[in-house]
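Please read the structure below before turning to the comments.
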Amino acid sequence: MSKTVESFIAEPIQEYQRVTNKTCTEMALDFDVTLSNLYRYRTGKGNPRARTIDKIISAVQENCPELLAQKRDTPDKEGALNGAFHTDP
């Protein structure tokens, strides 16, 4: 079964928090989203708009670019390279 959009967003948010040791409040400010929505996105239960996804990915790329590079080069369960979050500099 393929991944849902919600899980594609939840994973970099969780990794961002793990790497940066930021609180959810700090991350909500970084991503320019409400705290309640951040909780939903982080657990894979939210339904972010495309603009919100762009904000989150942009903040991750700006503050922790190694996460996106790591995500791009990591094989998924089926062995294919996962390029979902690849952005060229």
(request) Quick one: count up the residues across region 28-49 that are within 17 Å of Lys3 (Cβ to Cβ) and either in a loop (DSSP other than H, G, I, E, B) or small (Gly, Ala, Ser) (or both). (result) 6
(request) Give the residues of region 1-18 that are within 14 Å of Ala59 (Cβ to Cβ) and open to solvent by less than 60 Å² (accessible area, probe 1.4 Å), sorted by residue number. (result) Ile9, Pro12, Ile13, Tyr16, Gln17
(message) Where the second residue is open to solvent by 40 Å² or more (accessible area, probe 1.4 Å) and modelled with pLDDT under 95 and the first is farther than 14 Å from Glu15 by Cα and lies in region 49-72, which pairs have Cβ atoms under 9 Å and are six or more apart or on separate chains?
(response) Ile53/Val5; Ile53/Phe8; Ser58/Thr87
(message) Condition check: open to solvent by 20 Å² or more (accessible area, probe 1.4 Å), on the phi > 0 side of the Ramachandran plot and at pLDDT 90 or above. Does Asp32 satisfy that?
(response) yes
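Return yes or no: is Lys22 crowded, with 16+ Cβ neighbours inside 10 Å, charged (D, E, K, R) and in a loop (DSSP other than H, G, I, E, B)? Outline the logic, then answer.
Numbers: crowded, with 16+ Cβ neighbours inside 10 Å: yes; charged (D, E, K, R): yes; in a loop (DSSP other than H, G, I, E, B): yes.
Taking the combined requirement at face value, the residue satisfies it.
When the residues of region 38-47 are narrowed to those that are closer than 11 Å to Ile9 by Cβ and free of Cβ contacts under 8 Å to residues at least 40 places away in the same chain, which ends up least open to solvent (accessible area, probe 1.4 Å)?
Pass one, region 38-47, residues closer than 11 Å to Ile9 by Cβ: 38, 40-47.
From what's left, free of Cβ contacts under 8 Å to residues at least 40 places away in the same chain: 38, 40-43, 45.
Values: Leu38: 0, Arg40: 115, Tyr41: 21, Arg42: 61, Thr43: 77, Lys45: 162 Å².
Within region 38-47, the match that is least open to solvent (accessible area, probe 1.4 Å) is Leu38.
The values are calculated or read from the model by the stated rules, or taken from the named source; none is laboratory data. Because the structure is predicted, anything quoted here is derived from the model rather than measured. Note: ideal-geometry Cβ built from the backbone for every residue, glycine included; neighbour counts use all protein chains shown. Only protein heavy atoms, including side chains, enter the accessible area calculation; ligands, DNA and RNA are left aside. Shrake-Rupley method; radii C 1.70, N 1.55, O 1.52, S 1.80 Å.
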